[in-house]
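Comments concern the structure below.
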Amino acid sequence: MPRDEHTPHLENIPAYALGALDADNIAALESHLKTCASCQTELAGYRAVSESLLMATPPKQPSAALRKRLQSRLPSAQKSSRPRFVWSFGQLAVGMALVLLLVLNTYSILQMRSLQLAQAQLTRQYKTGQTLISMLSYPTTERLAISADNVVGSLLLDKDRNIVALIVWNMPQLQEDKTYQVWLIDPQGDRVSAGIFRPESGQAYTTQISFPRQSLSNFVGIGVTVEPAGGSDHPTGQRIFKVDF
Ligand SMILES: [Zn+2]
């Protein structure tokens, strides 16, 4: 079919899809659609868009006052019969462009949030790495082996600067409502919490650095247990490993 035969119909399809086409043009378009596959495809595309736009926001019940005001503006409520308002193609195009911009904008904001989260995670990993390097290069840092079943790794003990770091491989995955908790053990066997942590996803090893409030020289060992999310006052769950200083 030559292009000029489609053109007037193509222009009317967006308004038709939104139910905003006037009666005369509806009849002409519908008879053209019966014989034209490409215009049918065009219409199906616009219908999909207008339907997803309608689904995008849940319908809301207007307040009684707003409802009354809106009803008074409906053509049936007006005394004189004014010409029915029909969106021109230009108005429709601008409206659709605005909706598209809104969708793209929302998408960008969501993407930016996930980038910010990723950046915060990278910053955390970078700082942890820097602290570990500084500990390893400090002359009096002690390194003790961690070994319990499948869990292996190193405990770094920097008594001068009062920092303790765990680098542990193969920590078992935790349920959502659980956390690992680090305990410093004093000579009487009492436990003092030294922080909680979860294994980083997508990483075979886990690092946890603690800066205890009390001097490390007050303690004789360290242990890690599984505790409810948020941690406990005293160890209550399964012990994963324990290392004596
Ligand atoms: Zn056509």
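The values are calculated or read from the model by the stated rules, or taken from the named source; none is laboratory data. Every value quoted in this text rests on a predicted model; they were computed, and no experiment measured them. Neighbour counts run over all protein chains shown; Cβ positions are idealised from the backbone, glycine included. Accessible surface is based on the protein model in full, side chains and every heavy atom, while ligands, DNA and RNA are left aside. Shrake-Rupley method; radii C 1.70, N 1.55, O 1.52, S 1.80 Å.
Carbon-plus-sulfur accessible fraction, the chain (probe radius 1.4 Å, protein heavy atoms only): 56%. Solvent-accessible surface of the chain, averaged per residue with a 1.4 angstrom probe and all protein chains in place: 68 square angstrom. Based on DSSP H segments of at least four residues, each scored -39500 (n - 2.57), the chain has a per-residue ellipticity at 222 nm of -15000 deg cm²/dmol. Sorting 109-116, 207-214, 93-100 by average packing, meaning the other beta carbons within 10 Å per residue, from highest down gives 207-214, 93-100, 109-116. When each full DSSP H helix of the chain is screened for a Cα extent of at least 30 Å along its own axis and an average Kyte-Doolittle hydropathy of at least -1.0, the helices passing are 89-137.
Here each label is just a point 7 Å from Cα along the line to Cβ, and for ARG113 and ARG198 those points are 1.7 nm apart. Consider all pairwise Cα distances in the chain and report the whole-number % of them above 23 Å. Looking at the chain, the distances longer than 23 Å represent 69 percent of pairs. When you count the other C-beta atoms within 10 angstrom of each residue and take the mean per peptide, 217-225, 29-37 line up highest first as 217-225, 29-37.
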